[in-house]
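Visitor: Attaching a single structure in C-alpha coordinates format; questions to follow.
The values are calculated or read from the model by the stated rules, or taken from the named source; none is laboratory data. As the structure is a computational prediction, the values presented were derived from the model and not from experiment. No Cβ is skipped: glycine too gets one built from the backbone with ideal geometry, and neighbour counts run over all protein chains shown. Only protein heavy atoms, including side chains, enter the accessible area calculation; ligands, DNA and RNA are left aside. Shrake-Rupley method; radii C 1.70, N 1.55, O 1.52, S 1.80 Å.
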Amino acid sequence: MAEDGNARAALKKLVIDFTEAFNCENIDEVMSYFADDAIYDEFNDVRHNGTAAIRAAFVPQFRGDYGKMRFHTEDMFLDVPAGKALIRWLLTFEEAERAAGWRGLDILHFADGKLVEKHTYAKAKT
(Lines give C-alpha, C1' and ligand atoms only; values in the text may rest on other atoms or scores of the structure.)
Protein backbone atom coordinates (compact mmCIF):
# COMPACT_ATOMS: atom_id res chain seq x y z
CA MET A 1 0.00 0.00 0.00
CA ALA A 2 1.38 3.39 -0.99
CA GLU A 3 1.95 5.86 1.83
CA ASP A 4 0.75 9.45 1.47
CA GLY A 5 3.84 11.70 1.67
CA ASN A 6 1.80 14.53 3.19
CA ALA A 7 0.48 12.25 5.95
CA ARG A 8 4.02 11.05 6.67
CA ALA A 9 5.33 14.62 6.86
CA ALA A 10 2.43 15.64 9.12
CA LEU A 11 3.04 12.75 11.56
CA LYS A 12 6.79 13.43 11.62
CA LYS A 13 6.13 17.12 12.34
CA LEU A 14 3.77 16.21 15.21
CA VAL A 15 6.44 14.01 16.79
CA ILE A 16 9.24 16.56 16.39
CA ASP A 17 7.12 19.48 17.58
CA PHE A 18 5.92 17.49 20.59
CA THR A 19 9.52 16.70 21.58
CA GLU A 20 10.61 20.30 21.06
CA ALA A 21 7.81 21.50 23.37
CA PHE A 22 9.57 19.57 26.17
CA ASN A 23 12.89 21.19 25.26
CA CYS A 24 11.26 24.65 25.35
CA GLU A 25 10.01 23.84 28.87
CA ASN A 26 6.44 24.72 27.92
CA ILE A 27 4.02 22.46 29.78
CA ASP A 28 0.97 24.12 28.22
CA GLU A 29 2.28 23.44 24.74
CA VAL A 30 3.15 19.84 25.66
CA MET A 31 -0.33 19.30 27.06
CA SER A 32 -1.95 20.79 23.93
CA TYR A 33 -0.89 17.64 22.04
CA PHE A 34 -2.78 15.22 24.32
CA ALA A 35 -6.34 14.05 23.80
CA ASP A 36 -8.56 14.48 26.87
CA ASP A 37 -8.63 10.73 27.55
CA ALA A 38 -4.97 10.07 26.69
CA ILE A 39 -2.76 7.70 28.64
CA TYR A 40 0.88 8.13 29.59
CA ASP A 41 2.94 5.18 30.78
CA GLU A 42 6.16 6.31 32.46
CA PHE A 43 9.41 4.37 32.22
CA ASN A 44 8.87 3.22 35.84
CA ASP A 45 5.57 1.49 34.95
CA VAL A 46 3.32 4.19 36.43
CA ARG A 47 0.27 4.90 34.25
CA HIS A 48 -1.53 8.24 34.10
CA ASN A 49 -5.01 8.48 32.59
CA GLY A 50 -6.40 11.76 31.27
CA THR A 51 -4.83 15.17 30.86
CA ALA A 52 -5.11 16.23 34.51
CA ALA A 53 -3.12 13.18 35.66
CA ILE A 54 -0.63 13.52 32.81
CA ARG A 55 -0.04 17.20 33.57
CA ALA A 56 0.49 16.39 37.26
CA ALA A 57 3.09 13.76 36.28
CA PHE A 58 5.01 16.34 34.22
CA VAL A 59 4.91 19.18 36.78
CA PRO A 60 8.15 18.21 38.62
CA GLN A 61 10.06 18.12 35.32
CA PHE A 62 8.75 21.50 34.18
CA ARG A 63 9.20 22.99 37.64
CA GLY A 64 12.89 22.14 37.34
CA ASP A 65 13.06 19.47 40.04
CA TYR A 66 15.49 17.42 37.92
CA GLY A 67 17.45 20.35 36.51
CA LYS A 68 17.49 21.37 32.88
CA MET A 69 16.54 18.39 30.72
CA ARG A 70 16.90 18.13 26.94
CA PHE A 71 15.71 15.42 24.56
CA HIS A 72 17.85 14.79 21.48
CA THR A 73 16.23 12.69 18.75
CA GLU A 74 18.49 9.87 17.59
CA ASP A 75 16.10 7.86 15.44
CA MET A 76 12.45 7.72 14.47
CA PHE A 77 10.17 5.11 12.92
CA LEU A 78 6.73 6.02 11.62
CA ASP A 79 3.69 3.84 10.96
CA VAL A 80 1.58 6.42 9.17
CA PRO A 81 -1.60 4.35 8.58
CA ALA A 82 -1.71 3.51 12.32
CA GLY A 83 -0.76 7.04 13.44
CA LYS A 84 2.13 5.65 15.48
CA ALA A 85 5.72 6.70 15.95
CA LEU A 86 8.67 5.26 17.79
CA ILE A 87 11.25 7.87 18.69
CA ARG A 88 14.63 6.96 20.19
CA TRP A 89 16.21 9.77 22.17
CA LEU A 90 19.11 10.78 24.35
CA LEU A 91 18.04 12.70 27.44
CA THR A 92 20.68 15.01 28.86
CA PHE A 93 20.75 16.83 32.17
CA GLU A 94 22.46 20.13 31.57
CA GLU A 95 23.74 21.36 34.90
CA ALA A 96 27.29 21.56 36.22
CA GLU A 97 26.83 19.24 39.21
CA ARG A 98 24.78 16.69 37.30
CA ALA A 99 25.94 16.60 33.69
CA ALA A 100 24.70 13.20 32.58
CA GLY A 101 22.11 11.52 30.43
CA TRP A 102 20.39 8.35 29.41
CA ARG A 103 18.81 6.80 26.37
CA GLY A 104 15.23 5.81 25.89
CA LEU A 105 12.34 5.72 23.52
CA ASP A 106 8.74 6.75 23.29
CA ILE A 107 5.99 4.95 21.47
CA LEU A 108 3.49 7.61 20.50
CA HIS A 109 0.01 7.01 19.10
CA PHE A 110 -1.84 9.89 17.46
CA ALA A 111 -5.49 9.90 16.39
CA ASP A 112 -7.12 12.86 14.68
CA GLY A 113 -4.04 14.97 15.35
CA LYS A 114 -4.04 14.33 19.12
CA LEU A 115 -1.76 12.14 21.20
CA VAL A 116 -3.82 9.31 22.68
CA GLU A 117 -0.99 7.15 24.06
CA LYS A 118 2.58 7.85 25.18
CA HIS A 119 4.63 4.89 26.38
CA THR A 120 8.15 5.65 27.63
CA TYR A 121 10.97 3.14 28.01
CA ALA A 122 14.44 4.09 29.23
CA LYS A 123 17.85 2.79 30.16
CA ALA A 124 17.92 4.91 33.27
CA LYS A 125 19.63 4.99 36.61
CA THR A 126 17.04 5.87 39.21
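Visitor: Which order do Asp75, Asp65, Asp45 take by accessible area at a 1.4 Å probe, largest first?
Guide: Correct descending sequence by accessible area is Asp45, Asp65, Asp75.
Visitor: For Asp28 and Tyr121, compute 0.36 nm times the residue count separating them, minus their Cα-Cα distance, and round to one decimal in nm.
Guide: Difference between extended and current length: 31.2 nm.
Visitor: Could you run the Karplus curve 6.51 cos²θ - 1.76 cosθ + 1.60 with θ = phi - 60° over the range 78-89 and give me ³J(HN,Hα) per residue in whole Hz, x for Gly and Pro?
Guide: Listing the rounded values in order: 10, 10, 4, x, 8, x, 10, 9, 10, 10, 9, 9 Hz.
Visitor: What does the extension gain come out to for Asp36 and Arg63, with contour length at 0.36 nm per residue minus their alpha carbon separation?
Guide: On the way: separation 27, 0.36 × 27 = 9.72 nm, distance 2.24 nm.
Contour length minus the Cα-Cα distance gives 7.5 nm.
Visitor: Further question on the same structure: Provide the net charge surrounding Ala53, with neighbours chosen by a C-beta distance below 13 Å and charges set as Lys +1, Arg +1, Asp -1, Glu -1.
Guide: Result for the neighbourhood of Ala53: -1.
Visitor: Limiting things to C-alpha atoms, what are the Rg and the maximum Cα-Cα separation (Dmax) for the chain, in angstroms?
Guide: 14.6, 51
Visitor: Any chance you could run the full-extension gain for Ala9 through Leu90? It's 0.36 nm times the residue separation minus the Cα-Cα distance, nm to one decimal. Could the numbers behind the result be given before it?
Guide: Numbers: separation 81, 0.36 × 81 = 29.16 nm, distance 2.26 nm.
The Ala9-Leu90 span can extend by a further 26.9 nm.
Visitor: I've got another one for you. Taking the chain as the reference, fit the longest principal axis to its C-alpha atoms, fit the long axis of helix 51-63 to the helix C-alpha atoms, and give the angle between the two in degrees, 0 to 90, nearest 10.
Guide: Long axis of 51-63 versus the principal axis of the chain: about 40 degrees.
Visitor: Also, I was wondering about something else. Say R0 is 41 Å: what FRET efficiency, to the nearest 0.05, do Arg103 and Ala52 get from their beta-carbon distance?
Guide: Once rounded, the FRET efficiency stands at 0.85.
Visitor: Whenever you get a sec, line up Leu115, Leu86 from highest to lowest accessible area (probe 1.4 Å, protein heavy atoms).
Guide: In descending accessible area the options line up as Leu86, Leu115.
Visitor: Protein chains only, probe 1.4 Å: how do Val80, Val59, Val15 rank by accessible area, largest first?
Guide: Reading off the accessible areas and sorting them downward yields Val59, Val80, Val15.
Visitor: Something else now. Of the options Asn23, Trp102, Tyr33, report the single residue whose Cα projects farthest towards the positive end of the charge dipole of the range 16-126 (beta-carbon charges: Lys, Arg +1; Asp, Glu -1).
Guide: My answer, from the dipole projection, is Trp102.
Visitor: Continuing with this model, one more query. Tilt of helix 5-23 relative to the longest C-alpha principal axis of the chain, in degrees (0 to 90, nearest 10)?
Guide: 10
Visitor: Shifting gears a bit: Any chance you could look up the accessible area of Leu90 with a 1.4 Å probe, heavy atoms only, rounded to 10 Å²?
Guide: For Leu90, solvent-accessible area is about 50 Å².
Visitor: For the chain, calculate the relative contact order in percent as a whole number, restricting contacts to Cα pairs under 8 Å that are 6 or more residues apart. Spell out each step's value before the answer.
Guide: Values: 213 pairs, mean separation 29.3, N = 126.
With pairs under 8 Å counted, the relative contact order is 23 percent.
Visitor: For the chain, with only Lys/Arg (+1) and Asp/Glu (-1) charged at the beta-carbon, what is the dipole magnitude about the Cα centre, in debye rounded to 20?
Guide: 300
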